[in-house]
Amino acid sequence: MRGKVRIDILRNQLAIIDGDRTTAVLNMERIARQAQESSNVELSAEVWRALAEALTTAGGVGAA
């Protein structure tokens, strides 16, 4: 399961960077909540961190 989640995280991070933020952010929020609900706090934290990093990176794309 953890491997599938990591692939989903990467897929959504790329989508955010490519500009498809709304769907990808919603997907990552859902993944993080599911991990939290299954008592996998470490995985949930990893998803939230990955989301923050993707949004930060995407915000810097094309910035002067």
| message | Rounding to the nearest 10 and keeping the result within 0 to 90°, find how far the Cα-based axis of helix 41-60 lies from the longest principal axis of the chain. | response | 10
| remark: To the nearest 20 debye, the chain has a Cα-centred charge dipole, built from +1 on Lys and Arg Cβ and -1 on Asp and Glu Cβ, of 120
| residue 10 versus residue 22, label points 7 Å from Cα toward the beta carbon: distance in nm? | 2.8
| task | Any chance you could get the radius of gyration and Dmax over the Cα atoms of the chain, in Å? | result | 11.8, 42
| task | With everything on Cα atoms, drop me the angle between helix 21-37 and the longest principal axis of the chain, reported from 0 to 90° to the nearest 10. | result | 20
| CD proxy at 222 nm, helix term only [per DSSP H run n ≥ 4: -39500 (n - 2.57); per residue of the chain; nearest 500] | -28000 deg cm²/dmol
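Quick note: the coordinates plus some simple rules give every number you see, no bench work behind them. The model shown is predicted, which means the values in this text are computed figures rather than measured ones. A quick note on method: Cβ atoms are made from the backbone with ideal geometry, for glycine too, and the neighbour counts reach across all protein chains shown.
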